[in-house]
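Structure first, then comments.
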Amino acid sequence: MAWKRKDLLTIRELDPAEITLLIDTAASLREIGTREIKKVPTLRGKTIVNLFYEPSTRTRTSFEIAGKWLSADVVNFSASTSSIGKGETLLDTARNIEAMSPDVVVVRHSSSGAAELLARSLKCGVVNAGDGAHEHPTQALLDLLTIRERKGHLEGLHVAIVGDIAHSRVARSNIYGMRKLGMTVTVAGPPTLIPPHAQELGVKVSHRLEDAIRDVDVIMMLRLQQERMSAGLIPSLREYARYWGLTLDKLHASARSDVLIMHPGPVNRGIELSPEVADGPYSVILEQAANGVAVRMAVLFLLAGAMASQDGQAERGHGL
Ligand code: CP
């Protein structure tokens with residue numbers, strides 16, 4: 001199938017074939033990172049703007065590396081040194097950047113819906129790199145790619161997503177993607193960190209870590225998003241770590257021996273994950289980071305390719 005969309009805003013709006021196309025394309029592009037010269041001409045002459053209004057290590061860096069490996073020109077917009085400090089709005093900022101003819105704008109913003117707002121207003125492609133507590137589609141894609149590489153398939157697997165589900169755009173995008181691809185999802189956390197009506201997303205709900213991680217194929221631990229929390233949702237970090245922190249003892253007592261431990265990062269070591277688990281043999285956290293580059297190459301390649309087709313240009317191959 002061919003990619004038809006101008007933008008990548010959510011996993012919710014994608015059908016299973018589109019999700020699979022993105023993962024398959026990432027899997028085929030991943031090999032570029034193993035070459036001595038990590039550069040192909042695929043996006044030569046294209047311009048990517050990274051518009052990040054929130055901090056990021058993995059997402060911003062991997063979009064930049066992905067664009068550069070595909071020979072695009074990549075511009076990083078830093079909110080802290082921009083005219084945002086003089087009161088310029090998101091839309092005015094984006095319209096002024098679009099006047100400089102980028103092909104794709106990658107946006108991260110603290111407001112849910114910010115990427116969709118830009119996509120409706122801009123002619124260029126827009127990628128959601130995380131909008132508030134709403135969605136983080138490229139994170140879910142790299143998580144699915146990582147699981148598929150390790151387990152060989154996705155359909156039929158059972159994943160426990162543990163921690164601050166209520167504030168997690170990573171959880172939301174993963175739940176949509178996993179359910180669409182035939183996976184079972186259990187969300188687990190204290191009641192204050194599980195969204196009301198979570199079952200309507202097609203997931204099981206658990207309020208006990210040891211129950212949630214028993215017999216699952218994958219455990220995805222989430223960061224406590226204290227920047228998005230109102231006060232009083234957890235008694236204390238110490239108590240949260242005691243009941244919800246994953247340690248080797250809890251893992252050995254309840255989980256399968258072939259379980260994968262995932263975390264989108266950044267990890268609060270000693271809170272949701274003990275260092276022994278984060279760095280141990282079950283952990284695929286650094287594989288997730290590596291796959292971030294492959295997934296973002298796929299997204300930039302497919303979006304820029306779809307726009308070239310809409311412009312009447314002949315579709316080209318990967319140009320590898
Ligand atoms: N997983 C993730 O989005 O990490 P960053 O905030 O570092 O981009």
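The values are calculated or read from the model by the stated rules, or taken from the named source; none is laboratory data. The shown structure was predicted, so the numbers you read here are calculated from the model rather than taken from an experiment. Methodologically, a virtual Cβ is constructed for each residue, glycine included, from the backbone with ideal geometry; neighbour enumeration extends over all protein chains shown. These area figures cover heavy atoms from the full protein model, side chains too; ligands, DNA and RNA do not enter into them. Shrake-Rupley method; radii C 1.70, N 1.55, O 1.52, S 1.80 Å.
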TODO: Please report Rg over Rh for the stretch 137-288, where both radii come from the alpha carbon positions and Rh follows the Kirkwood definition.
DONE: 0.92
Task: Per-residue [θ]222 nm for the chain (sum of -39500 (n - 2.57) over DSSP H runs n ≥ 4, rounded to 500) - done: -11000 deg cm²/dmol
Task: Hits among lysines - C-alpha to C-alpha of K4 under 24 Å, sequence gap 8 or more where chains match - done: K46, K68, K123, K180
TODO: Just the number, please: carbon plus sulfur as a percent of the accessible area of the stretch 137-288, 1.4 Å probe, no ligands or DNA/RNA counted.
DONE: 49 percent
- [ ] Name the residue farthest towards the positive end of the dipole of the chain from the options G152, I19, A212, assuming +1 on Cβ of Lys and Arg, -1 on Cβ of Asp and Glu, about the Cα centre.
- [x] I19
Task: the chain: C-alpha pair distances exceeding 24 Å, % - done: 53 percent
- [ ] Using DSSP, restrict attention to beta bridges with both residues in the chain and report what percent are antiparallel, rounded to the nearest 5.
- [x] 5 percent
- [ ] Write down the accessible area per residue of the stretch 1-66 in Å², having rolled a 1.4 Å probe over the full set of protein chains.
- [x] 48 Å²
Open item on the list: Please compute the per residue accessible area over the stretch 137-288 with all protein chains in place, 1.4 Å probe, rounded to a whole number of Å².
Closed with: 41 Å²
Task: Counting DSSP beta bridges with both ends in the stretch 114-234, the antiparallel % (nearest 5) - done: 10 percent
Task: the stretch 87-108 and the stretch 14-57: distance between their alpha carbon centers, rounded to Å - done: 21 Å
TODO: Identify which of L144, L154, L222 has the largest mean-square fluctuation in a Gaussian network model of the chain, with springs joining Cα atoms closer than 10 Å.
DONE: L154
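Taking the Cα centre of the chain as origin, work out the dipole magnitude from +1 charges on Lys and Arg Cβ and -1 charges on Asp and Glu Cβ, in debye rounded to 20.
The dipole of the chain has a size of about 340 debye.
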- [ ] Could you tell me the largest-minus-smallest coordinate of the C-alpha atoms of the stretch 8-164 on each of the three principal axes, in descending order and whole angstroms?
- [x] 50, 40, 26
Open item on the list: Under the rule of at least 5 residues apart or a separate chain, name every residue whose amide H is placed under 5 Å from the amide H of K204.
Closed with: V185, T186, V187
Task: With DNA, RNA and ligands ignored, accessible area of E210 (1.4 Å probe; Å², nearest 10) - done: 50 Å²
TODO: Mind pulling the angle between the C-alpha long axis of helix 285-310 and the longest principal axis of the chain? Nearest 10 degrees, somewhere in 0 to 90.
DONE: 30 degrees
Open item on the list: For a quick check: with amide H placed at 1.01 Å from N, whose amide H comes under 5 Å from A129's, ignoring anything fewer than 5 positions away on the same chain?
Closed with: V107, R108
Task: lysines whose Cα lies under 25 Å from that of K86, excluding same-chain neighbours fewer than 8 positions away - done: none
